[in-house]
Amino acid sequence: MSPGKVLQPVLKMKVDELFLCWLSQPATQLTLKDCLRRIKNEEKTETGNVDSGNGKNEKLANKNSNSTQCLLGDTRLPLSFSPPQLSTTLPLATPASQRNISNVRATRRSSGTRVVQTKKEETLPPSLSQNIPTFYFPRGCPKEKVNIDAVIAKIERTFSEFPNERATLEDMGKVAKACECPLYWKGPLFYCAGGERTGYVSVHKFVAMWRKILQTCYDDAAKFVHLLMNPGCNYLVQEDFIPFLQDVVNSHPGLSFLKEAAEFHSRYITTVIQRIFYTVNRSWSGKITCNELRKSNFLQNVALLEEEADINQLTEYFSYEHFYVIYCKFWELDTDHDLYIDRKDLARHNDHAISNRMIERIFSGAVTRGRKAQKDGKISYADFVWFLISEEDKKTPTSIEYWFRCMDLDGDGALSMYELEYFYEEQCQKLDNMAIEPLPFEDCLCQMLDLVKPQYEGKITLHDLKRCKLTNVFFDTFFNIEKYLDHEQKDQFSMLRDGEGESQEVSDWEKYAAEEYDILVAEEAASDQWNDEYEAELNPVDHQKASVLKYQMEKRPFFEMPSHLADVDLDDYDYEEDFE
């Protein structure tokens, strides 16, 4: 900010934020829907009787006013409230004009006393703003009965069991339970109290920290964000999750085999972080807020870490099998093992199934994080995690947004017929090369419009695709030739039946990961058997080369920690209503 400027609050922005927050409350939406339904029913009843006369009209007016009051409920604002307006009697330029205006006002005052007196007798409606219940709780809704002193006393009793009333990271599990938190909050509790610097946490330091949190944070989402965030922030970035996940890797029984393979810790942690932001960060901002965390199921999965010894059962974020599949797929494409892949590497995914035009869009910066894709034409492992999950499950909100951003060439927030034809042209070329007669674009367009049923003619919006049950069919038609042919061979009714199965427990991504993991395990077993049989035939020189290569592969740093999602200005889409 330049030194001559002064920060000024923008009241409208804050009022809009509060109004949207109030409008998004479930209780508010239920009340609005109920009152709108009652208004609609009353209108139908009154219009059915025409011979009601003036009395009936008066009754209708009273009912409409009552319905309006019901719609607003206790949260209605006074009708006299209006934004401030500029006065029409501002002085123009000279003092003479001010004197003239004051004289005119004096004349009006003396001659129009009765009119002014009448206005003074008018009574304004009483202000009802004090009846609006508090609805904005950025740190959670305060609980009425929370005995902070009792919680602190319980924590102090727990610390008294430790030598010198100091708790190490291994002791923080008991402290987390005393704080009535899930077990794997122990890492964030330890680091937030300053344990990383000294290797232990004293009872006085921890009690002061936890008392402050209890007094300012009223739900688990606000507490978790406060424990992990950097000072001065009210959100979480990717690096904030590293200490928490490192503690999970070190202490969870389902990941005990990883303790000896320290070089894979950062790779697993990076995968989990990307999956967290893929699912929780619905705004694509690279900053997870309390509200986003509150709307997600991430904290429920953190609590399940304590109950579930098999880490692979937690398929949404922490599954090691899912990490294994993603990493192996990336390693197959990264032939030179420079820990980045370029356009040619990514084009080889799934036997060149993805069209080149879509590959270009992925590297254009529409969906990639960091500036590596723009400068060197390469994407990192973190970007590949987003790509693979979006490619294998095109029904989730994030994957729909991912591919929509890629297909929206001009960034106007809608897919035009030109953009659809642009991607379909390459599909037709691939089909011609395979000696398959492609469907004319006009016929394909009719099928897709019937599939999506867009709200507005001539364009497909993000909202239209999120309402569609077969978005995977739509996207595969325009840039994935293998899956497009698979869809063409399936029965249309079976696809609709699968798409309408909202209660399906296993997602497309989970099915893919389970199948690929079984294949990789079988290939690994076959490779180990072959090595056992023929390893003796290798001469000592080959043994030495193999051991050196293995050592270099293990010691090579996998990749830099992923940059923030907000480092790249993504296309400015107007999708506020779609990120629900």
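The values are calculated or read from the model by the stated rules, or taken from the named source; none is laboratory data. Computed from a predicted structure; not experimentally measured. Cβ: placed from backbone, ideal geometry, glycine included. Neighbour counts: every protein chain shown. These area figures cover heavy atoms from the full protein model, side chains too; ligands, DNA and RNA do not enter into them. Shrake-Rupley method; radii C 1.70, N 1.55, O 1.52, S 1.80 Å.
Scanning the range 152-171 for any residue that is outside any loop (DSSP other than H, G, I, E, B), open to solvent by 40 Å² or more (accessible area, probe 1.4 Å), farther than 19 Å from W210 by Cα and at pLDDT below 90 turns up nothing. Scan the range 429-440 residue by residue and report those that are assigned to a helix (DSSP H, G or I), open to solvent by 30 Å² or more (accessible area, probe 1.4 Å) and not acidic (D, E). Of everything in the range 429-440, those that are assigned to a helix (DSSP H, G or I), open to solvent by 30 Å² or more (accessible area, probe 1.4 Å) and not acidic (D, E) turn out to be Q429, K430, N433. Restricting the range 444-476 to residues that are in a helix (DSSP H, G or I) and either in contact with a Lys or Arg (Cβ under 6 Å, 6 or more places away or on another chain) or open to solvent by 80 Å² or more (accessible area, probe 1.4 Å) (or both), the residue that is farthest from Q429 (Cα to Cα) is R467. Looking only at residues in the range 234-265 that are in a loop (DSSP other than H, G, I, E, B) and free of Cβ contacts under 8 Å to residues at least 24 places away in the same chain, which one is most open to solvent (accessible area, probe 1.4 Å)? Once the filter is applied, the top-ranked residue is E260.
Among residues of the range 335-349 that are free of Cβ contacts under 8 Å to residues at least 24 places away in the same chain, those with a beta-carbon under 6 Å from a residue that is surrounded by 19 or more Cβ atoms within 10 Å (Cβ to Cβ) at least six positions away or on a different chain give the pairs A347/I359.
Quick grid of which residues meet (1) out of contact with any Cys (no Cβ under 8 Å at 6 or more places or on another chain); (2) in a loop (DSSP other than H, G, I, E, B); (3) surrounded by fewer than 17 Cβ atoms within 10 Å (Cβ to Cβ); (4) touching a residue at least 60 places away in the same chain (Cβ under 8 Å):
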| site | (1), (2), (3), (4) |
| --- | --- |
| H352 | yes, yes, yes, no |
| M358 | no, no, no, yes |
| A366 | no, yes, no, yes |
| D412 | yes, yes, yes, no |
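Return the residue satisfying two criteria in turn: it lies in the range 311-347 and is touching a helix residue (DSSP H, G or I) at 6+ places or on another chain (Cβ under 8 Å) and farther than 29 Å from L258 by Cβ, and of such residues it is least open to solvent (accessible area, probe 1.4 Å). Taking the candidates together, the pick is A347. When the range 346-355 is filtered for residues that are more than 11 Å from D476 (Cβ to Cβ) and in contact with a Lys or Arg (Cβ under 8 Å, 6 or more places away or on another chain), only H349 remains.
Screening the candidates Y418, Y422 for the property of being touching a residue at least 60 places away in the same chain (Cβ under 8 Å) and either over 27 Å from I341 (Cβ atoms) or open to solvent by 60 Å² or more (accessible area, probe 1.4 Å) (or both) yields one hit, Y422. Each residue in the range 179-200 was checked for being in a helix (DSSP H, G or I), open to solvent by less than 40 Å² (accessible area, probe 1.4 Å) and either in contact with an Asp or Glu (Cβ under 8 Å, 6 or more places away or on another chain) or at pLDDT 95 or above (or both), and 7 of them qualify.
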